[in-house]
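See structure below.
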Amino acid sequence: MKSLAELQAIKDRMKNKVVLREGLGEIRVVVGMATCGIAAGARPVLNTFVEEVNNADLADKVSVTQTGCAGLCQLEPIVEVYEAGKEKVTYIKMTADKAKEVVEKHLKGGKVVTEYTVASAN
């Protein structure tokens, strides 16, 4: 980097790839990114949610954030979806492909993908 303009250009390029925000949007997607989650594959899941939310033009409606350990290490990667006026939905053993499906069906379509939820593990 040689100038502030160059740094600003890098920031502008990355802005579209990063939807990590605090509390904005009607829906909040929280990915467990503690050591257990990362070891189980949470990083590609987080990246997929960010990319797919951007690709679906949902960035004004959906925020994607990360958190620490949820205490259910055997079910990692864990993703929690919070919507105002609704119960929290906890998705377990997530993958990048499952994340794409959750964006399409749940975040865009409003239908919980029940086969990936903690309730389906019982």
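The values are calculated or read from the model by the stated rules, or taken from the named source; none is laboratory data. Everything numeric in this text was worked out from a predicted model, so none of it was measured. Neighbour counts are summed over all protein chains in view; Cβ atoms, including those assigned to glycine, are modelled from backbone coordinates with ideal geometry.
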Quiz prompt | Tally, over the stretch 103-122, of residues that are in contact (Cβ under 8 Å) with a residue 24 or more places away in the chain and within 16 Å of N54 (Cα to Cα) | solution = 5
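If you go through the stretch 22-31 one residue at a time, how many are outside any loop (DSSP other than H, G, I, E, B) and surrounded by fewer than 22 Cβ atoms within 10 Å (Cβ to Cβ)?
Summing the residues that are outside any loop (DSSP other than H, G, I, E, B) and surrounded by fewer than 22 Cβ atoms within 10 Å (Cβ to Cβ) in the stretch 22-31 gives 3.
Regarding the stretch 114-122, can at least one residue be identified that is within 12 Å of the chain's Cα centre (by Cα), among the aromatic types (F, W, Y), at pLDDT 95 or above and surrounded by 14 or more Cβ atoms within 10 Å (Cβ to Cβ)?
no
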Self-check item: Residue selected from the stretch 100-113 under the condition of a type in the set (A, V, I, L, M) and outside any loop (DSSP other than H, G, I, E, B), by the criterion surrounded by the most Cβ atoms within 10 Å (Cβ to Cβ)
Solution: V102
Self-check item: Residue list for the stretch 37-72, filter: in a helix (DSSP H, G or I), closer than 19 Å to I92 by Cα and either of a type outside the set (A, V, I, L, M, F, W, C) or at pLDDT below 90 (or both)
Solution: G37, R43, P44, N47, T48, E52
Quiz item: Is it true that A34 is surrounded by 15 or more Cβ atoms within 10 Å (Cβ to Cβ) and either modelled with pLDDT of 90 or more or among the small types (G, A, S) (or both)?
Solution: yes
Quiz item: Just wondering, is there one or more residues in the stretch 82-90 that are in contact with a Phe, Trp or Tyr (Cβ under 9 Å, 6 or more places away or on another chain), free of Cβ contacts under 8 Å to residues at least 60 places away in the same chain and closer than 18 Å to V113 by Cα?
Solution: yes
Quiz item: Mind checking which residues of the stretch 73-99 are part of a helix (DSSP H, G or I), surrounded by fewer than 17 Cβ atoms within 10 Å (Cβ to Cβ) and at pLDDT 95 or above?
Solution: D97
Quiz item: Looking only at residues in the stretch 1-21 that are among the polar types (S, T, N, Q) and in a loop (DSSP other than H, G, I, E, B), which one is modelled with the highest pLDDT?
Solution: S3
